[in-house]
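A quick write-up on the structure given underneath.
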Amino acid sequence: MKSLIYFLIFPVCFYTQNIKSNLDDARLINCKKKCKIFSEELIDKKNNNSSTPSYMLGKPHYLKMFNISLKNRLKIYPFNEYDSIYIATPIFIKELEEPRNYIEGKYHNSVRMLTEDEKIELSDILFNYHKTYDLYRIVERNTIGCDCVQLKYPKIILLFKKAGQFKKYIAFPDDGWNRYDFTDEEYQNFDWSEEKENMILNMFKKDILPNQKKN
C-alpha cells in the first residue's frame, strides 16, 4: 500500500518541481541583466531564507532581465500544457463578491482566442521580465470613490483551453483577490507583479470595456 501511495504522490511532486525548474533553468542560461542578483534570489528561494539578504537593500527593479527564445518560451508552463489561450471580458453580476470562478461562461461578456503574435508577446512578458527580489504577492488595494460594480471586477480574464475545454483562468488586475485557479506552484511560474499586470493590461487595452478604461 505504501508503494502505491508513493507512486501516486511522486508524479505530482515531480510535476510541480519541473514547473519551477524549467523557468529558473531557462532564465539562468539566458540571463542578460542583474544575473548575480537573480542567482542569489534562486539560492534564497531554494533554502527558504526568511532573512533579508544584503542584495535586497535598495529599490527593486522591474526590467527585461532575460532573453529566452520564443521556441524555448513555448516549452515552459503553461504554454506547454494547454492547446490555446483565450481572453475574455467580464460580465458584471452585481450581487456576487469574490472569490468568483471566472472559468464559468456566465462571467464572460466576449471571448476570443489569442493570436500567435499575442502569445509571443505574452510569453515574453511572463518569462523575460522580472522584478528583482520581489518576494510578495499583490496585496489588496483600497478603492476610493465610486462604488461601481465594475470596480469590483477584473478588466480581463485569460482562459487556458485543453481538449476543447477551459481548464484554468487568471483574471486581473488581481487587487489582492487571488483571481486565479492555478496551484501555488503553477502561479509562481508567472512571476506575477503589478508592473507585469500593467504591461499585460496595456497589451490587451483594445479588449477592455469602455467603462473600465479610466479606472
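Read-outs: derived from the displayed coordinates by stated rules, not from any lab. In this text the structure is predicted, and so the values were computed from the model without any measurement. Reconstructed Cβ throughout: ideal geometry from the backbone, glycine too, with neighbour counts over all protein chains shown.
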Once the in-chain neighbours fewer than 8 apart are removed, the aspartates and glutamates whose Cα is under 14 Å from Lys162 read Glu81, Asp83
Interchain or long-range residues, amide H under 5 Å from Lys168's placed H:
Phe160
Long pairs among Lys131/Lys168; Lys33/Lys119; Lys33/Lys64, criterion Cα-Cα beyond 19 Å
Lys131/Lys168; Lys33/Lys119
Taking 0.36 nm per intervening residue step and subtracting the Cα-Cα distance, what contour gain separates Lys75 from Asp184 on full extension?
37.3 nm
In nanometres, the difference between 0.36 nm per residue of separation and the alpha-carbon distance of Leu209 and Ser84 is 42.7 nm
For the stretch 27-127, rounded, prolate or oblate, judged on the Cα gyration tensor with a ≥ b ≥ c (square roots of eigenvalues), a/c < 1.5 rounded, else prolate if a/b > b/c?
oblate
When the label point is put 7 Å from the Cα of Lys161 along its Cα-to-beta-carbon vector, which residues of the stretch 110-134 have a backbone N closer than 16 Å?
110-119
Which aspartates and glutamates does Lys205 reach when only Cα atoms under 19 Å apart count, and residues fewer than 8 places away in its own chain are ignored?
Glu116, Asp117, Glu118, Glu121, Asp124, Asp174, Asp175, Glu194, Glu195, Glu197
